[in-house]
Amino acid sequence: MTPNAPTPMMAQYLALKQQAGDCLLFYRMGDFFELFFDDAKIAAQVLDIALTSRGEHGGAPIPMCGVPVHSAEGYLARLIRAGCRVAIAEQVETPEEAKKRGGSKALVARDIVRFVTAGTLTEEALLEPRRANVLAAVCEVRGVIGLAACDISTGRMELEECAPDQMGAALARLGASEVVAPDSWDQAPVDCVPRPNRSFASDEGETRLKAVHGVSTLDGFGQFSRAMLAAAGGLVTYLDHVGRGALPLLLPPVAREAGTHMAMDEATRSSLEILVSSGGTRRGSLVETIDRCVTGAGARQLAEDLSAPLTDARAINRRLELVSWLHDDPLLRGDIRGILRALPDLGRALGRVVAGRGSPRDLGQLRDGLSEARRLHDLLAARTDRPEPLDAVLPSLAGHGALCDLYSRALVPAPPTERSQGAYIAEGYDASLDELRRVSGNARRAIAALEAKYRDDTGISALKIRHNGVLGYFIEVPAKHADRLMAPESGFTHRQTMAGAVRFNALALHEEASRIAESGGHALAAEEAHFEELVAHAVRAKEAIASTAAALARIDVAAGQAERAAEGGWALPRVVDEPCLEITGGRHPVVEAALGVRGERFVANDCALNSQDRLWLVGGPNMGGKSTFLRQNALIVLLAQAGGFVPAQGATIGLVDRLFSRVGAADNLARGRSTFMVEMVETAAILSQATERSFVILDEVGRGTSTYDGLSLAWAVAEAIHSINRCRCLFATHYHELSRLAETCDSLSLHHVRAREWKGDLVLLHELAEGPADKSYGLAVARLAGVPAPVIKRAKSVLEKLEKGRAATGGLAAGLDDLPLFAAAIEAAEEKVDALRERLNGLDIDALSPREALDLLYQLKAQANG
Ligand code: ADP
């Protein structure tokens, strides 16, 4: 061997590492998974474990670290959370097999058995119970974006398509923990996993889906476009790759129709803090404040409902009807929640079982979950006053009688998570298994009897029969009595001498022990065979079980929403078609809860937008409650369209097709890009996408730049929203000057949050009132915030000077009086452009001499400027 050639083990490692690509390679060596080279450095840092080294490669020591196999799951979880992906290389033969194959020095064969990635987890320990774990695939087919998403822990799969500018919003809604996209696509989302282009082909997707579901056409599942199927191809191919050919549970795909859900882009979602708060966690988010679900599956469904509120009044009212029924009947609600609370996570247990990673305990969970579902069914079916929407889910709760029966007979009451020790098949299920157990039980008793007999025979009362993994059963006596058993005619054979004891075997003991080993082995094999068969039953019923799980989650969501509404005195919203928003006594659920903890009261406020008064400018001091008011109304719309009660005394909500929320850049300093640029990009999106059915909240837009720039932009944006988009809008601003917009914009009105100065102190009332804000109270807020008195005093004198100047010149907004109306100004600009276009279109360029062309250019330029 040349000095630099890798050892056979290293050669094997490097070949596997090549297959693993950019995944960390967990290389199995005995009881450890070892990592080498850069993988070791990354893992050591993320996991905070020791980095050592081993041998050398290319003249340098090889960095190495390792984790014990028995606790690998915890380490995997941390690596995945840190954004890593891991390939697991196992030993695929025993050392004995390797020796037989290649002699005494043969290396044990290893292979990658599985990839562990954020989007493809099924292990209970690696998943968060109250969060769906979504894997998404996205690609473009002839200008249309196709998206495929699935949660392989429960098998749900959804396909959709959208325009390229809606891709961000769609991905934001899905909230995938992993996204795969074609490797050659330059518009691929950032941080996605690149995958070969060819897997994103619609015929590939179609073929794969047909194969997964054993059908010859997908028509029975719905209509899928080419873009959807191409994305599905990318998704299923990736799952196949990650599972090394073993596919997880996949339910038939569902096509998500465009427009059935309220559109919200990423910026809106994060500013409304729907599923995660600005701190990046669930704490302080909307979902945390309203989630009263008693099952993980319910919590996941609620999060999905909040991510994708509906736009169809009928569908919303169906959800509301159920919530309302449960709201009005606390006893029934308590009973239902009592049953649900004890439920195992049916969907995820099914996911593990179908993926081939199920345990006897998972089967036990299916049994318990399905029979409890039946109990819930009976409870609800007995109610004659049940609302109509409940009838749609009721049948899914029942119908597993045969499976429950089988599992009840076959499994012990609390089956273990491990299969290797057996003891999960119930007695009485299989007579031959019982017989094997009886034989081994008899043998155990016989061994106990032997112990007494040997004590009698030898007269050594300290004699014991013991068992360990190496010797099996043996007889042990203290060293001082050993001689008696050592005698050739004693009937005992010596096995081992220890410090204070000597160990023996005997023929009768050996016979009984063999009987135990043999029947035990047969019993294990029999249990294993039963297990496979029980799993096959679940696999055959997977769709029905999944729909039971979905029905349970739906009922949990409704009961949880009802519970939350009862707890907070919330109201049933009325959903209508007209573009209005009438909310009386509205509250912000998260702020209200936070104030409640401190023993403070939330001041409820009304909102009344309609087609004659659709844009409210909200002024008033900082900290006065403007943002809170804006957001509470957006959240109320969202909650209502998600099918829940709302934190208000009453609410009439004209259906919203798109919801936008923007916060002035100063609040978002943590972001990477120039904050003002971000603010403008986001504002531009609203101006191009908001329709007459949309609802927009704009919080201090324009704040991120100089006063003049900011005011001008805020002015122009407000005008455009008013006259072009014509959507409902709440616009918070501290620019007094904007109040002059009320003079020209008919459907705009002025409001402010009230404040009073009392004995030199500022009192914020958090109460919304009509009319413009009287003054800005900036200095009073600064004092409230603890800015030192001399600084406040100095600021006061600067302010006085500025205000004097303002009085003399007409102020910041001087000169706006002769500003043409917004619509007129736009028309004028467009006219000019049109004249130019006409002239250009009429040109015959080939007929122009260079001199004429130059003249013409001068003329066109003059026209454009004129
Ligand atoms: P602004 O946008 O005007 O600067 P915020 O909406 O951020 O003000 O409110 C500042 C603080 O005032 C909030 O964090 C909350 O503690 C309190 N607050 C806001 N609205 C209310 C209300 N309606 N009732 C009680 N307290 C409120």
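The values are calculated or read from the model by the stated rules, or taken from the named source; none is laboratory data. Just so we're clear, the structure is a prediction, and the values are computed from it rather than from any experiment. As a convention, Cβ positions derive from the backbone with ideal geometry for all residues, glycine included, and neighbour counts pool all protein chains shown.
List of remarks:
- Residues of the stretch 597-620 that are more than 7 Å from the ligand (Cβ to nearest atom), crowded, with 22+ Cβ neighbours inside 10 Å and over 16 Å from E578 (Cα atoms): W616, L617, V618, G619.
- Elements of type strands (runs of 3 or more DSSP E) in the stretch 679-793, at least 2 residues being farther than 30 Å from R269 by Cα and at pLDDT below 85: 748-758, 761-770
- Selection status of A211, surrounded by 23 or more Cβ atoms within 10 Å (Cβ to Cβ) and either within 20 Å of the chain's Cα centre (by Cα) or assigned to a helix (DSSP H, G or I) (or both): no
- Just one of the listed residues (A382, A402, A426, A410) is under 30 Å from S324 (Cα atoms) and of a type in the set (G, A, S), namely A382.
- Condition met for V276 (among the aliphatic types (A, V, I, L, M) and in a helix (DSSP H, G or I)): no
A quick yes/no check of all residues on (1) polar (S, T, N, Q); (2) away from the ligand (no atom under 16 Å from the Cβ); (3) under 30 Å from T311 (Cβ atoms):
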{"site": "A501", "(1), (2), (3)": "no, yes, no"}
{"site": "N505", "(1), (2), (3)": "yes, yes, no"}
{"site": "A508", "(1), (2), (3)": "no, yes, no"}
{"site": "E511", "(1), (2), (3)": "no, yes, no"}
{"site": "E533", "(1), (2), (3)": "no, yes, no"}
{"site": "A566", "(1), (2), (3)": "no, yes, yes"}
{"site": "C580", "(1), (2), (3)": "no, yes, yes"}
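- Residue count, the stretch 45-70 (criterion: surrounded by 15 or more Cβ atoms within 10 Å (Cβ to Cβ) and either among the hydroxyl-bearing types (S, T, Y) or not in a strand (DSSP E or B) (or both)): 4
- Subset of the stretch 172-194 [assigned to a strand (DSSP E or B) and touching a Ser or Thr at 6+ places or on another chain (Cβ under 7 Å)]: E178
- For A255, the criteria (1) more than 17 Å from the chain's Cα centre (by Cα); (2) surrounded by 17 or more Cβ atoms within 10 Å (Cβ to Cβ) hold in every case but one, which is (2).
- Checked against the criteria, R375 counts as assigned to a helix (DSSP H, G or I) and surrounded by fewer than 17 Cβ atoms within 10 Å (Cβ to Cβ).
- Selection count where residues are out of contact with any Asp or Glu (no Cβ under 8 Å at 6 or more places or on another chain), surrounded by 13 or more Cβ atoms within 10 Å (Cβ to Cβ) and of a type in the set (D, E, K, R), scope the stretch 194-207: 2
- Here E827 fits the description: modelled with pLDDT under 80 and over 23 Å from G620 (Cα atoms).
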